[in-house]
Amino acid sequence: MISISTAAEKFIHTNFLTRQKVRRNTGNTRKVSFFIVLLGLSAMFCFFLFLWARICIIEIGYQISSTHATQEKLIQENRKLKIERASLSAPSRIETIAKNKLGMVTPHNSQVVFLKW
């Protein structure tokens, strides 16, 4: 049999436990949760910022490479044009064209007029 004192103790303890209000410290856990989420978002933002910067650097590298290739092509074309200009403006070539195609002749001394400035 259960004695009266133990029954009273059970009642007192049980009644005491039911009246207790157990509270979580929600302010701190919310703050910690908010801080963790904020830290995670900051890390993601930094990662995407780094990724964006790397993509921009790679894109600029491709543009530099393309510009360099275009520059090399233009330098080669410029060299070819300078050679062509030199061959087209050679005095021997001009004289040959003048004599053969245009029918010109070398002037006599009496046909030459000197101008004074």
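The values are calculated or read from the model by the stated rules, or taken from the named source; none is laboratory data. Quick caveat: nothing in here was measured; it's all calculated off a predicted structure. Cβ coordinates were reconstructed from backbone atoms using ideal geometry, including for glycine residues, and neighbour counts include every protein chain displayed.
Just one of the listed residues (Glu59, Glu77) is of a type in the set (Asp, Glu) and either under 23 Å from the mean Cα position of the chain (by Cα) or surrounded by fewer than 10 Cβ atoms within 10 Å (Cβ to Cβ) (or both), namely Glu59.
Would a scan of the range 35-42 turn up a residue that is more than 60 Å from the chain's Cα centre (by Cα), surrounded by 10 or more Cβ atoms within 10 Å (Cβ to Cβ), modelled with pLDDT under 95 and in a helix (DSSP H, G or I)? Scanning the range 35-42, I find no residue that is more than 60 Å from the chain's Cα centre (by Cα), surrounded by 10 or more Cβ atoms within 10 Å (Cβ to Cβ), modelled with pLDDT under 95 and in a helix (DSSP H, G or I), so the answer is no.
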